[in-house]
1. For the stretch 153-192, give me each residue that is in contact with a Pro (Cβ under 8 Å, 6 or more places away or on another chain) and surrounded by 24 or more Cβ atoms within 10 Å (Cβ to Cβ).
2. Could you pull out the residue among Leu170, Leu162 that is under 26 Å from Ala250 (Cα atoms), part of a helix (DSSP H, G or I) and modelled with pLDDT under 95?
3. Could you grab me the full set of residues in the stretch 126-157 that are in contact with a strand residue (DSSP E or B) (Cβ under 9 Å, 6 or more places away or on another chain) and either at positive phi or aliphatic (A, V, I, L, M) (or both)?
4. Grab the helices (runs of 4 or more DSSP H) fully contained in the stretch 299-415, keeping just those with 2 or more residues being farther than 30 Å from Thr263 by Cβ and acidic (Asp, Glu).
5. Could you tell me whether any residue of the stretch 282-295 is touching a helix residue (DSSP H, G or I) at 6+ places or on another chain (Cβ under 8 Å), hydrophobic (A, V, I, L, M, F, W, C) and part of a helix (DSSP H, G or I)?
6. Test Val92 against the stated conditions and say whether it is of a type outside the set (Asp, Glu), surrounded by fewer than 24 Cβ atoms within 10 Å (Cβ to Cβ) and within 19 Å of Asp277 (Cβ to Cβ).
7. Could you please tell me which pairs satisfy a Cβ distance under 6 Å, a separation of 6+ or placement on different chains, a first residue in the stretch 53-80 that is within 12 Å of Leu307 (Cβ to Cβ), and a second residue that is crowded, with 20+ Cβ neighbours inside 10 Å and not aliphatic (A, V, I, L, M)?
8. Criterion first (crowded, with 22+ Cβ neighbours inside 10 Å and under 16 Å from Gln60 (Cβ atoms)) does Val294 satisfy it?
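The values are calculated or read from the model by the stated rules, or taken from the named source; none is laboratory data. Computed from a predicted model, the values in this text were never measured in an experiment. As a convention, Cβ positions derive from the backbone with ideal geometry for all residues, glycine included, and neighbour counts pool all protein chains shown.
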Amino acid sequence: MKRKSPSKTARLTRRSFSAGLGAAGFVAGTAPFNIVRAQGAALKVGVLLPRSGVQAGIGQDCQRGVDITAGILKDLGLPALQIMNADTETNVETARARAEKLIGEGAQLLVGAFDSGQSSAIAQVAEQKGIPYVINIAAAPPITEQGYKFVFRNFPTAGMILRDAFVDQLQVFEITGGAPKTAVFMHVNDTFGMAMKGGIGAVMPKFNLPYKIVETIAYDPAARDLSVEISKAKATGADALLMVSRLNDAILLTRELVKQRWTPMTILSMGPGWYEDQYLKTLGKLSDGPLSFVPWYDPNKKLSKQLEAALAKTHAGVNLNVNHVYTFEALLIAADAYKRAGSTDPKALADAVRTTNIKDNVTIGPGIQFDAKGQNDKIVGGTIQNRGGKLITVAPKEAANGKPEWPLKPYDKRG
């Protein structure tokens with residue numbers, strides 16, 4: 001059978017694939033606050049992030065997105081936000097308790113929490129209390145399949161991430177003229193990882209990919225030794241590693257690759273970990289090469305350049321990434337809705353968020369809008385490659401600022 005070209009595949013899948021995600025197997029009282037007119041009063045926004053625990057590094061990185069928001073909102077003519085921070089401690093029950101506490105202390109809108117399990121718990125609280133909740137990062141599909149009226153997600157579902165990952169992989173293979181024939185799929189066994197695992201089986205067959213998965217290996221993201229997992233993957237002789245990771249385990253896995261003297265043709269990551277600044281700085285030259293297929297920003301957009309400049313001024317030496325971008329956009333949505341609602345009344349705020357139409361944004365795609373489920377279904381994922389401590393966008397072509405380097409340079413030849 002003749003293969004479809006990557007560009008043709010992209011046209012078909014970007015526009016029509018999302019409509020079939022449900023069929024692919026992914027579907028799994030007003031708060032007692034006085035109305036305050038928006039005349040100088042700041043909207044109280046509770047920001048829930050894992051600032052301690054296993055995901056502390058990523059939660060703290062998301063906080064950098066919070067740090068650079070105020071000045072940009074002012075430049076955009078949007079109202080100020082009063083940030084109320086809370087630490088979920090990388091724990092679902094703590095996230096639930098902290099959400100309730102923030103609301104009790106007067107939070108009028110919630111943002112967070114990076115992790116799907118924690119975000120699911122917060123969503124339940126927000127819906128019960130009738131407080132708008134804008135998810136910055138969390139991909140598990142069921143969150144926006146509950147019929148919630150106060151929960152909104154400006155982040156792609158696991159199915160959307162997979163769709164764009166496979167579309168972009170085909171673009172990368174076309175650009176480089178190389179492609180793996182076999183791959184080992186390794187994934188964390190948390191909420192996000194299991195959702196991605198379920199999606200792989202449902203989505204991958206819909207794409208004419210050049211490789212097949214010869215082994216699937218699950219592991220605990222809190223594990224301190226992943227030597228057995230890498231040894232098992234190496235034994236398959238696969239060309240590529242297909243990864244769904246977190247930060248700490250990505251570092252451990254890379255060190256094991258070096259220790260066991262195995263350099264696959266490529267590392268294809270669909271999730272966090274491999275592009276994090278801590279990963280780049282901890283591993284130095286050993287961090288170069290992996291391709292991350294993730295929700296990303298368009299480096300060519302005006303607001304992206306403004307965000308990059310603000311981050312460089314506040315946090316010198318830190319690369320702009322998904323944690324900063326989507327946390328910033330969640331707060332951008334809150335400020336925009338507050339300005340249009342002219343009120344802190346929860347229902348008025350929720351109605352305003354529901355009718356969001358922000359075209360001047362940062363992420364790849366046409367802008368920020370929500371469907372009837374509270375999901376921004378217009379987000380397009382990107383592909384980035386680690387290059388000398390920097391992150392280069394290599395796909396999709398319309399948002400790229402560089403071309404991919406292929407294949408992965410052997411670890412033992414990096415000095």
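1. Phe155, Pro156, Thr157, Ala158, Gly159, Ile161, Asp164, Val167, Asp168, Leu170, Val188
2. Leu162
3. Within the stretch 126-157, Ala126, Ile131, Val134, Ile135, Ile137, Ala138, Ala139, Ile143, Val151 meet the criteria.
4. By residue number, 322-341.
5. yes
6. no
7. What qualifies is Arg64/His324; Gly65/His324; Gly65/Thr327; Gly65/Phe328; Thr69/Phe328.
8. When the stated conditions are applied, Val294 does not pass them.
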